[in-house]
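Report on one structure; see the data block that follows.
The values are calculated or read from the model by the stated rules, or taken from the named source; none is laboratory data. In this text, all values refer to a predicted model and were calculated from it rather than measured experimentally. No Cβ is skipped: glycine too gets one built from the backbone with ideal geometry, and neighbour counts run over all protein chains shown.
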Amino acid sequence: MTMKYIPFSLTALVILLDQAVKIFIADQWPLRQGEKARLISDVFNNEFLEIYHVRNTAMAFGLGHALPDSVRFMVFIVLPLGALCFLLWHYFKAKDISSLQRWTVAGILGGGIGNLIDRMFRPDGVVDFISVKFYGFLGIERFPTFNIADSSVVICLFTLLISMFFDKKPQITKTEVIS
């Protein structure tokens, strides 16, 4: 197995962990008829980290919840699937991608696939369950509820962007080529 394929172990781990926890949350604490959220636990007894069972029928921060079904299919499934396919294509075609960048792309793929699975196979929405107190920062008391797949995408995307600025390969100038 070449080194290009090893980071996909992270993709598989994110998908498996994300789906296993979502199945556990949905089975152990199902939402009752008409219920929008269910508090499961205040983890540290200080309201900082709470575990909720919430179904998200929109995208991040509730964006797109009022879109018609045909548009929702395009925006929530087709576009993300296209983006993941492009990312995968770039992963194999790019010659200057570092090892760190390969791992971050693998984490983004795992998170993206984890949420796509929910969008395609859970008609009542993506299972979100992590709620973090935001202490009024940016005018919000609690950050919108998220899941493991969301965390993987955000952390890996942030790391990928930072690595693109700091993981520069030395470039040969015209004067170095002539000499």
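The condition of being under 21 Å from ASP150 (Cβ atoms), in contact with a helix residue (DSSP H, G or I) (Cβ under 7 Å, 6 or more places away or on another chain) and part of a loop (DSSP other than H, G, I, E, B) holds for only one of LEU87, LEU67, LEU116, LEU81, that being LEU67.
Condition check ((1) in contact (Cβ under 8 Å) with a residue 12 or more places away in the chain; (2) under 23 Å from PHE146 (Cα atoms); (3) of a type in the set (Gly, Ala, Ser)) across all residues:
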| site | (1), (2), (3) |
| --- | --- |
| PHE44 | no, yes, no |
| MET74 | no, yes, no |
| TYR91 | yes, no, no |
| ALA106 | yes, yes, yes |
| LEU109 | yes, yes, no |
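In the range 46-63 there is no residue matching the filter, namely being in contact (Cβ under 8 Å) with a residue 24 or more places away in the chain, buried (at least 17 other Cβ atoms within 10 Å of the Cβ), assigned to a helix (DSSP H, G or I) and among the hydroxyl-bearing types (Ser, Thr, Tyr).
Name the residues in the range 1-12 that are over 14 Å from VAL153 (Cβ atoms) and either in a helix (DSSP H, G or I) or among the β-branched types (Val, Ile, Thr) (or both), would you?
Initial filter on the range 1-12 (over 14 Å from VAL153 (Cβ atoms)): 1-9, 12.
THR2, ILE6, PHE8, SER9, ALA12, listed by residue number.
In the range 79-131, the qualifying residues are those that are in contact with a strand residue (DSSP E or B) (Cβ under 6 Å, 6 or more places away or on another chain) and of a type in the set (Val, Ile, Thr), and the one that is surrounded by the most Cβ atoms within 10 Å (Cβ to Cβ) is VAL126.
Every condition in (1) at pLDDT 95 or above; (2) closer than 29 Å to ASP27 by Cα; (3) loosely packed, with under 12 Cβ neighbours inside 10 Å is met by PHE158 except one, and the failing one is (2). LYS169 fulfils the conditions (1) modelled with pLDDT under 95; (2) surrounded by 10 or more Cβ atoms within 10 Å (Cβ to Cβ); (3) touching a Ser or Thr at 6+ places or on another chain (Cβ under 9 Å) except for a single criterion, (2).
The requirement of being assigned to a loop (DSSP other than H, G, I, E, B), at pLDDT 95 or above and not β-branched (Val, Ile, Thr) is fulfilled nowhere in the range 18-39; no residue meets it.
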